[in-house]
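One structure is given below, encoded as structure tokens.
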Amino acid sequence: MIGVLGLIGWKVTVISSNFLALMLIITISMNIHLIVRYLQLSRDRPEDDQLALVRTTVQKMVRPCLYTAMTTVMGFSSLVVSEIKPVIDFGWMMSAGLAVTFGASFLLFPALLLVVGKTESKPIVDMERFQLPAYLARLTEFQGNKVLILAMILTVTSIGGISMLRVENSFVNYFSEDTEIYKGLKLIDEELGGTTPLEIIIKFKDESVEELTPEELKEMTPEEIRMEQEYMEALRNKPELWFTPTNIQIVKKVHDYLDSLPQIGKVLSLASSVRVAENYAEKELDGMELGILYTKVPSSVKKNLIDPYVSIKNNEVRLMARVLDSKPELSRKQLLETVHHDLGKDQGFKKLTDYKLLIDDITISGLLVLYNNMLQSLFSSQIKTIGVVMLGIALMFLVLFRSVKLSVIGILPNVLGAVVVLGVMGWSNIPMDMMTITIAAITIGIAVDNGIHYIYRFKEEYALNHSYRDSLYICHSNIGKAVFYTTMTIIFGFSILVLSNFIPTIYFGVLTGAAMFIALLAALTVLPKLILLWRPFG
């Protein structure tokens, strides 16, 4: 898979860089199911030769493993409905990788078994020493109702936490405090005026007086109309006439307003250069002095101090501010809403300055706007991915088991892990980011594999003994061990991500591992209890 990605030039992002670890985790978990089933068959059928054992193993496992691979693919492919490009790429990358994993497992594993030949096999862990599945089976039989009540309480509590989920987070805090990236960003933020750029572009009216509306003309005196006509005509021939006290005053007003906001650090605009000149002259410059100043300054000075902030040709100015990203109380959405309101041409700007008629439009842009839009899209992306994965897995369950009851039984316990983790994020004030929005879909897609294997095996055993109780204990002693091994392998694999310096990756590893552990307990308690209650096999 790595070779294919390299050949097609698929670039790895901070999110998709985890695909290698995830592919190894899922491949190992799939092969553990094959190993456990092969060992069981070799113990139950010692008279069979190696070819018969391998053939039976593959025949019995190919269908459940195919559906588990498909549900996991559904979990990852649901990420493509996200509105975030790196998340979409991660979804496609893992979906393709899982197809490779399934093909490699069912080709290489049986081939290697035939090459090695039949050997004396013993249980990986003797049941006398490994009592957890048997304990969970007894807990399900005798305390199953209490388990269901506890699951319902956890679900309700988690829904309350989900309602408190937030998306505001600081890019500075994405990295550990001992990393060079964190130290550098912190220094820039605190000592050099801020990190994330915010731009305000003011477009002045450039139409002639004849093009003004009657309402606008009523608010202007005859003298103002005459001066406006003369100014527009002169401006076409002499750009230095643009630097009028009125235009400069507007820029100063907006500059001072931005500078007054506690979330904003350094502000740069034409007002910065003008105030340097005024400090040197020790007075406020009039229109003639501003025009002379513009014509006399060297071109290098214009290029660095005027041209980045003024476009005389387009009759507009730019103010550049930088936001203090490390402020713990920073809310980008609220900041942008405040600036939009206060600089609105028809609302706040009228309070800010008396020159509303001279303004044609005000645009708020910059990296802060893009970053805020990305953060706000996380909620919709989370809802879309969960909705798609739930729908896709439900349809697969209906095809596999041909039963609505079994579909509900298979899905509900596995959703519990994702719901609880999202609730913990809400109660703990852990913000959503590009990594954590993938937890729910990935957890459901992987954890549902346990439900498929358990239900599929329960169905086989019930067909032989027609006893729900006996099938419960048999499944826990066989498929229960396989489910436990595979889930612990997955949890261990995700726990490796805590070694990252990227905080969202650490959250992703820890929270996904926790969700998988909760899903494991639910698959070996809640799921079999629902089977005992609803008796879907007759």
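Below are the figures for this structure:
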{"item": "Candidates P123, P110 - the one that is assigned by TED's automatic domain parsing to the domain that holds V424 and modelled with pLDDT of 90 or more", "result": "P110"}
{"item": "Test: residue in the stretch 100-107 that is over 29 Å from K11 (Cα atoms), surrounded by 21 or more Cβ atoms within 10 Å (Cβ to Cβ), assigned by TED's automatic domain parsing to the domain that holds R457 and out of contact with any Asp or Glu (no Cβ under 7 Å at 6 or more places or on another chain)", "result": "no"}
{"item": "The stretch 250-302, residues that are in a helix (DSSP H, G or I) and of a type in the set (G, A, S)", "result": "S260, A271, S272, S273, A277, A281, G287, G291, S299, S300"}
{"item": "Test: V87 is of a type in the set (V, I, T) and at pLDDT 90 or above", "result": "no"}
{"item": "Close pairs from the stretch 294-318: first closer than 16 Å to A277 by Cβ, partner among the polar types (S, T, N, Q), Cβ under 6 Å, at least 6 apart", "result": "L305/S273; Y309/S269"}
{"item": "Of all residues making up the stretch 305-319, the number that are in a loop (DSSP other than H, G, I, E, B) and within 19 Å of Q249 (Cβ to Cβ)", "result": "3"}
{"item": "Tally of residues being part of a loop (DSSP other than H, G, I, E, B) and among the basic types (K, R) across the stretch 143-173", "result": "1"}
{"item": "Hits in the stretch 163-196 (condition: surrounded by 16 or more Cβ atoms within 10 Å (Cβ to Cβ), hydrophobic (A, V, I, L, M, F, W, C) and farther than 24 Å from S365 by Cα)", "result": "L165, F175"}
{"item": "The one condition in (1) surrounded by 19 or more Cβ atoms within 10 Å (Cβ to Cβ); (2) not in a helix (DSSP H, G or I) that I364 fails to fulfil", "result": "(1)"}
{"item": "First in the stretch 425-444 and free of Cβ contacts under 8 Å to residues at least 40 places away in the same chain, second anywhere and in a helix (DSSP H, G or I), Cβ under 6 Å, 6 or more apart", "result": "none"}
{"item": "Residue that is surrounded by the fewest Cβ atoms within 10 Å (Cβ to Cβ), among those in the stretch 419-444 that are at pLDDT below 90 and small (G, A, S)", "result": "A440"}
{"item": "Verdict on L375 being touching a residue at least 40 places away in the same chain (Cβ under 8 Å), out of contact with any Asp or Glu (no Cβ under 6 Å at 6 or more places or on another chain) and in a helix (DSSP H, G or I)", "result": "yes"}
{"item": "Matching entry among V58, V54, V73 (being of a type in the set (A, V, I, L, M), buried (at least 21 other Cβ atoms within 10 Å of the Cβ), modelled with pLDDT of 85 or more and over 21 Å from A394 (Cα atoms))", "result": "V54"}
{"item": "Conditions (1) in a helix (DSSP H, G or I); (2) surrounded by 23 or more Cβ atoms within 10 Å (Cβ to Cβ); (3) within 18 Å of the chain's Cα centre (by Cα); (4) assigned by TED's automatic domain parsing to the domain that holds P86: number failed by A447", "result": "(3)"}
{"item": "Of residues in the stretch 465-510 being in a helix (DSSP H, G or I) and small (G, A, S), the one nearest to the chain's Cα centre (by Cα)", "result": "G509"}
{"item": "Y462 being assigned to a helix (DSSP H, G or I), at pLDDT 90 or above and over 30 Å from T13 (Cα atoms)", "result": "yes"}
{"item": "Only one of I455, I474, I479 that is assigned by TED's automatic domain parsing to the domain that holds I84, over 26 Å from S158 (Cα atoms) and in contact with a His (Cβ under 8 Å, 6 or more places away or on another chain)", "result": "I479"}
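Matching residues to (1) at pLDDT 80 or above; (2) farther than 24 Å from D256 by Cβ:
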| site | (1), (2) |
| --- | --- |
| K345 | no, no |
| L352 | no, no |
| N372 | yes, no |
| T385 | yes, yes |
| I393 | yes, yes |
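The values are calculated or read from the model by the stated rules, or taken from the named source; none is laboratory data. Note that the structure is predicted; figures quoted are calculated from it, not measured. For neighbour counting, all protein chains shown are included, and Cβ atoms are generated from backbone atoms with ideal geometry for every residue, glycine included.
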